[in-house]
Amino acid sequence: MKFGEHKYSFDLLRFYIDEANKSNPGSCLDMEFDETSGCFKRCFVAFDATISYFNFCRPILFLDGTFLKSRYKGNILSATKQSLFMVAFVVVVAEGEDNWTWFLRLLRKIVGVSRRITFISDRNYRLLQGVRNVFPAVERAYYLNHLNRNLKDKLKGHHASFREMIVKKFKQCAYVPSKTEFHDRLQELLSMDGDRVASFIDEAHVCNWTNAYFMGKRYGEMSSNAAKSFNSQISEFRSLPITNMIDMI
């Protein structure tokens, strides 16, 4: 059995997780196999150091997923901090509501609910449904750069310079702190392209992306930089056999 081979790396993973839990008290590493086929299903990783670190940080987490580049593919779903510090991640066969829910249940186990946590993410339906399933009372915020791209797509057919101007006005709406100023900015935005922009804003829900209406605390965080930077940091590991990859991360 060779540690660096993809096939055998799955066999070694159970041993790796057992040893990691034994040698790192307070850590939470878990995995599941398909009961019928015996094939790998998913694996959760959170070390005591990252769990303890989060307890002394602002209660805000960035949720995101990225694909693996190894022979067997799959995805990594992660919860990261503003300082680009990974709190927990899972390796799953495929991104889906069931896997997001499983990840978030274990995440809830380590971060608790005593603090009012804010989750920031894109509008991935499976991710959002997982959050609703496990953290129904938390505040959810959307990445503004993700919404900007969605809005540009919504405005296809317009000249590029016009789309950029619309997005600029949209960003101004997101940043203003008062409801009065928000609605003033919004009316200005709607006067430029009413129907499509109005439809987009209705779908996005102002309570999830505007400073004026957001009920939680996002500490000035409007973008996906933390999550994307983490994904970039681990890029070179995503083609490794699974046990090697988890160890390197």
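The values are calculated or read from the model by the stated rules, or taken from the named source; none is laboratory data. Predicted model, so just to flag it, every value in this text is computed and none were measured. In this analysis, Cβ positions are derived from the backbone assuming ideal geometry, glycine residues included, and neighbour counts consider all displayed protein chains. These area figures cover heavy atoms from the full protein model, side chains too; ligands, DNA and RNA do not enter into them. Shrake-Rupley method; radii C 1.70, N 1.55, O 1.52, S 1.80 Å.
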- request: Just report the Cα centroid separation between the range 81-119 and the range 190-234, whole Å.
  value: 20 Å
- prompt: Under 5 Å between amide H atoms, partner at least 5 residues away or on a different chain: which partners does Ala88 have, H built in plane at 1.01 Å?
  reply: Ala79
field: Principal axes of the range 7-103: Cα extent on each, largest first, Å
entry: 42, 29, 22
query: Per residue, how much space in cubic angstrom lies within the convex hull of the C-alpha atoms of the range 85-125?
result: 99 Å³
- prompt: Can you give the relative contact order of the range 93-249 as a percent, counting alpha carbon pairs under 8 Å and 6+ residues apart?
  reply: 22 percent
Heavy-atom accessible area order for Val206, Val113, Val131, largest first, 1.4 Å probe: Val113, Val206, Val131
- prompt: Which one of Asn145, Asn133, Val176 is farthest out on the positive end of the charge dipole of the range 109-190, using unit charges on Cβ (Lys, Arg +1; Asp, Glu -1) and the Cα centre as origin?
  reply: Asn133
query: With θ set to phi - 60° and the Karplus curve 6.51 cos²θ - 1.76 cosθ + 1.60, what are the ³J(HN,Hα) couplings of the range 140-151 in order, to the nearest whole Hz, using x for Gly and Pro?
result: 10, 10, 9, 5, 5, 5, 5, 5, 4, 5, 4, 5
query: Which trypsin sites (Lys or Arg not before Pro) in the range 113-159 pass both tests, a DSSP loop state and at most 16 other beta-carbon atoms within 10 Å?
result: Arg115, Arg116
message: Looking at the chain only, what percent of DSSP beta bridges run antiparallel? Nearest 5 please.
response: 75 percent
message: How big is the dipole moment of the chain about its Cα centre under a simple scheme where the beta carbon of each Lys and Arg is +1, that of each Asp and Glu is -1, and everything else is neutral? Debye, nearest 20, please.
response: 400 debye
message: Given a 1.4 angstrom probe, what's the average accessible area per residue across the range 6-118, in square angstrom?
response: 49 Å²
field: From phi via Karplus (6.51, -1.76, 1.60), per-residue ³J(HN,Hα) for the range 193-207 in Hz, x at Gly/Pro
entry: 7, x, 5, 5, 5, 4, 4, 5, 5, 4, 6, 7, 6, 4, 5
message: Tell me the Rg and the Dmax, in Å, that the Cα atoms of the chain produce.
response: 20.3, 66
